[in-house]
Amino acid sequence: MYGKETMNQKIVYLVGAGPGDPGLITVKGLSCIKKADVIVYDYLVSKSLLKNARVDAEIIYVGKQGSRHTMEQEDINKLIADKAKENKIVTRLKGGDPYVFGRGGEEGIYLKEQDVPFEVVPGITAAIATPAYAGIPVTHRSCTSTFGLITGHEDPTKNQSDIDWEKISTGIGTLTFYMGIKNLPNIVEQLTRHGRPKDTPAAVIRWGTTTSQKTVVGTLSNIVEKAKDIKPPAITIVGEVVKLRDQLNWFETKPLFGKTIIVTRSRDQASEFSDRLVELGANVIEFPTIRITKPDTFMPLDNEINRLESTDWVIFTSVNGVESFFQRMFSLDRDVRDLKGVKICAIGPATTEKVREFHVRVDCQPPKYVAESVVEALKKVDDLKGKHILMPRTDIARSYLPEELQKLGADVADVIAYKTIVADNRDGTVLENLKNGEVDIVTFTSSSTVRNFVKIIGKDNFDGFKEKVQFASIGPITTETAEEMNIKVSIKAEDYTIPGLVKAIVDDVKKRKEGGI
Ligand code: SAH
């Protein structure tokens, strides 16, 4: 019974990735991404879902963009079958739902013919999700009890339509059209000719559920004109339900909706910040400018770790410092008991939080999150004269703090626990985005993000966009660095933390909206 066949893991999962917002994939769909040996994905699939793939997974793009095909359907069918026949788990990721205008059925039939087992994982289809994100429920008791999904792609020159316009025009309350942008004049013409009143509300939603969502609303008499600048992918929705948008528009009213914001932190640290911005509706471009690496030598740090019993304070001025210090301590086969009797100071809440992750309490956190404030706070809790203080920091940290502590008579070991280097970021599209005025705000979360951003983008290129964007800074030192480089910072965090920076951005956007800027 448990023959070779059942041992095989060859299978294809036809998975709906949802309409755009990566959070709208199903739990089952996500698990198919995680376990796949091969992922074959389309144009409309959110790229960020691919971050969940195994590092050794083979990822193949077969996207079709309008009429531009990267790969013909027959070749895609063959590809997924052939990969599975190599005894692999293949996850075939499609935008929305695989069986709603997704040609999933054709792939299933081919797999069946080839004797390749497959399963289908439905997804949230665009006609349901994009109106929902535009504030339009597809059905509503007082408006309609019927809802239709229609392809708008049908060749208008076709003699005989597969769509019974006469019946659907008046027979169904809410009508949604996929792939219908080019054909919109024809769709409207058919509907009105077959009896749908010209004043029926209609909306066109482009890139629905993503932070680039754009919605235009009108009626059958003017929607063609209003949507003339809208390009695919877009859903057209026709029916009385469109009116409910006035009350139900929750997504496009988010505080940062429509704003494109660049995050310059290192890849490892970007997500907390980016996630908050995305939750608030922003379109985030992650453009890492720094990369954290090991120091050239661990010797000075190791010497310090070996003398912790005669150390009075360890001062952490960054999350990376905490991470590097503890990792090194553990790799020297030590543990937190070696910190017994050592007092810990952390510069701000994120650093404190990181220390706590290692099950160590912080004894001192200054009220303001800058080096100047650390000195004041420490003076209050201890007489630093003759005390041995360890500061595990980056190679490019300011000398202010160790110098001030030395002035107070402390014996300071300012050692390099990690290096901050310029990220190897060659994403040329970001410069184009900046020049084209497609970016609203560039954020700086440390002095090195400023310096490295200038290095990567190129000082000479700044004139091409500096009037078009705003610059936001996490704290006074970062602002100072920016201003030294002739970058005008117009958004400044009052609380020198990521939440503080997010708040400053939200406040500024609100102020400008109210001021009509
Ligand atoms: N299987 C997909 C549909 C594929 S056909 C699904 O179930 O959603 C491609 C068409 O879907 C596009 O031309 C557009 O009409 C629609 N579409 C898909 N994603 C969309 C999005 N995020 N916003 C607007 N329309 C979308």
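Nothing in this text is a laboratory measurement; each read-out follows from the coordinates by a stated rule. Every value quoted in this text rests on a predicted model; they were computed, and no experiment measured them. Positions of Cβ are generated from backbone atoms using ideal geometry, with glycine treated the same way; all protein chains shown enter the neighbour counts.
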Once normalised by the length of the range 52-184, the mean sequence separation of its alpha carbon contacts under 8 Å that are 6 or more apart gives a contact order in percent of 17
Sorted by chain and number, the residues with a modelled amide H under 5 Å from that of Ile25, at a separation of 5 or more or across chains, are none
With DSSP loop assignment and no more than 16 other C-beta atoms within 10 Å, the GluC sites (Glu not before Pro) in the range 18-101 are Glu72, Glu86
Quick calc: nm separation of the 7 Å Cα→Cβ label points for Arg512 and Glu189 -> 4.2
Going residue by residue through the range 20-29, the Karplus relation 6.51 cos²θ - 1.76 cosθ + 1.60 with θ = phi - 60° gives ³J(HN,Hα) values, rounded to whole Hz and with x marking Gly or Pro, of x, 4, x, x, 8, 6, 7, 4, 5, x
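If packing is taken as the average count of other Cβ atoms within 10 Å, what order do 214-221, 300-307 fall into, highest mean first?
Descending mean neighbour count gives 214-221, 300-307.
So between Asp312 and Glu438, what do we pick up on full extension, going 0.36 nm a residue minus the alpha carbon distance?
Full extension of this stretch gives 40.3 nm more.
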Note to self, the chain gives a 222 nm [θ] from helices alone (DSSP H runs n ≥ 4, -39500 (n - 2.57) apiece, / all residues, nearest 500) of -9500 deg cm²/dmol
Phi-derived 3J(HN,Hα) across the range 402-411 with the Karplus relation (6.51, -1.76, 1.60, θ = phi - 60°), rounded Hz, x for Gly and Pro, is x, 5, 5, 5, 5, 4, 7, x, 7, 9
Mean separation of Cα contacts under 8 Å (at least 6 apart) over the residue count of the range 313-446, i.e. the relative contact order in percent, is 23
Rounded to the nearest 10 degrees, the helix 104-113 long axis (Cα) sits at an angle to the longest Cα principal axis of the chain of 80
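For the cross-link pairs Lys243/Lys513; Lys231/Lys254; Lys368/Lys511; Lys167/Lys254; Lys228/Lys492; Lys167/Lys226, which exceed 30 Å when the distance is taken from alpha carbon to alpha carbon?
Values: Lys243/Lys513 25 Å; Lys231/Lys254 24 Å; Lys368/Lys511 26 Å; Lys167/Lys254 39 Å; Lys228/Lys492 39 Å; Lys167/Lys226 26 Å.
Long pairs (Cα-Cα over 30 Å): Lys167/Lys254; Lys228/Lys492.
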Site Glu240, offset 7 angstrom along Cα→Cβ, radius 19 Å on amide nitrogen, limited to the range 193-215, gives 195-203
Computed over the chain: longest principal axis from alpha-carbon atoms vs helix 447-457 long axis, angle to nearest 10 degrees, is 50
Rounded to one decimal in nm, the spacing of the 7 Å Cα→Cβ label points at Ser161 and Asp395 is 6.8
Here P(r) for the range 55-142, Cα-Cα distances in 5 Å bins, as whole percents, is 3, 12, 19, 21, 17, 11, 7, 5, 3, 1, 0
Between Arg141 and Lys488, the two model label points (7 Å from Cα along the beta-carbon direction) sit apart by a distance in nm of 5.6
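Any of Lys354/Lys435; Lys94/Lys214; Lys435/Lys455 with alpha carbons more than 26 Å apart? Name them for me.
Working: Lys354/Lys435 38 Å; Lys94/Lys214 22 Å; Lys435/Lys455 17 Å.
Long pairs (Cα-Cα over 26 Å): Lys354/Lys435.
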Relative contact order as a percentage, the chain, C-alpha pairs under 8 Å and 6+ apart, gives 10
Taking 188-201, 255-268 and ranking on average Cβ neighbours within 10 Å, highest first, one gets 255-268, 188-201
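Have a look at the DSSP beta bridges in the chain and tell me what percent are antiparallel, nearest 5. Don't skip to the end; give the middle numbers.
Working: 22 of 73 bridges.
The answer is about 30 percent antiparallel.
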Among beta bridges assigned by DSSP with both residues in the range 11-123, the antiparallel ones amount in percent, to the nearest 5, to 15
Filtering trypsin sites (Lys or Arg not before Pro) in the range 34-99 by DSSP loop and by at most 14 other Cβ atoms within 10 Å leaves Arg54
Given unit charges at Cβ for Lys, Arg (+) and Asp, Glu (-), the dipole magnitude of the chain about its Cα centre in debye, nearest 20, is 620
Lone Cys, the chain, Cβ cut-off 4.7 Å -> Cys32, Cys143
Computed over the chain: longest principal axis from alpha-carbon atoms vs helix 73-85 long axis, angle to nearest 10 degrees, is 50
Listed by chain and number, the lysines with an alpha carbon less than 17 angstrom from that of Lys158, same-chain partners under 8 positions apart left out, are Lys182
